[in-house]
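For reference, the structure is listed below as C-alpha cells.
The values are calculated or read from the model by the stated rules, or taken from the named source; none is laboratory data. Remember, it's a predicted structure, so these values are computed and weren't measured experimentally. Counting neighbours? That spans all protein chains shown, and the Cβs are built from the backbone with ideal geometry, glycine included. These area figures cover heavy atoms from the full protein model, side chains too; ligands, DNA and RNA do not enter into them. Shrake-Rupley method; radii C 1.70, N 1.55, O 1.52, S 1.80 Å.
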Amino acid sequence: MGEVAATMKIMPEGVDTDLDDLKNKLEAVLPEGSSMFGSEVEPVAFGLKALKVVILVGDLEGGTESVEEAFAAVPGVESVQVTELGRPV
C-alpha cells in the first residue's frame, strides 16, 4: 500500500479563530493511518486566514473522506476542501 499526500484548505469560522489551536485540534482527530505532514497559514481576505495542511493517508478506497469528515466535525471549522492530491515526494 502506498501513501497519498492531500493538501486541504481549512476555513475557520471567523477572523478571531486561533489557527494554532485549531491545528492542534485537527491533529488530535486524525483517523488511524493518517498523519499531518505540514501546515501553513494562507491569507484569504479582510483579515481572514485559512489553514492549509498536508495530510498523508493510505492509498485506499475512500481516500481522504474519513479525514475530511473528522476535520469538519471540529469546533471552529467552517469548511474543509481538498485542493491537491498526489504522491508524496
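Observations, loosely collected:
- Checking each residue in segment 7-26 for being of a type in the set (S, T, N, Q) and either closer than 22 Å to ARG87 by Cα or exposed (fewer than 15 other Cβ atoms within 10 Å of the Cβ) (or both) picks out THR7, ASN24.
- Of all the listed residues (VAL29, VAL67, VAL4, VAL44), the sole one being more than 14 Å from PRO88 (Cβ to Cβ), among the β-branched types (Val, Ile, Thr) and open to solvent by less than 30 Å² (accessible area, probe 1.4 Å) is VAL67.
- Residues of segment 70-89 satisfying the condition of being in a strand (DSSP E or B) and either open to solvent by 40 Å² or more (accessible area, probe 1.4 Å) or modelled with pLDDT under 95 (or both): GLU78, SER79, GLN81, VAL82, THR83, GLU84, LEU85, GLY86
- Of the residues making up segment 19-68, those that are in a loop (DSSP other than H, G, I, E, B) and touching a residue at least 24 places away in the same chain (Cβ under 8 Å) are VAL29, LEU30, PRO31, GLY33, SER34, PHE46, GLY47, ASP59, LEU60, GLY63, THR64.
- Filter result for VAL57 (in contact with a strand residue (DSSP E or B) (Cβ under 6 Å, 6 or more places away or on another chain), under 23 Å from VAL15 (Cα atoms) and surrounded by 15 or more Cβ atoms within 10 Å (Cβ to Cβ)): no
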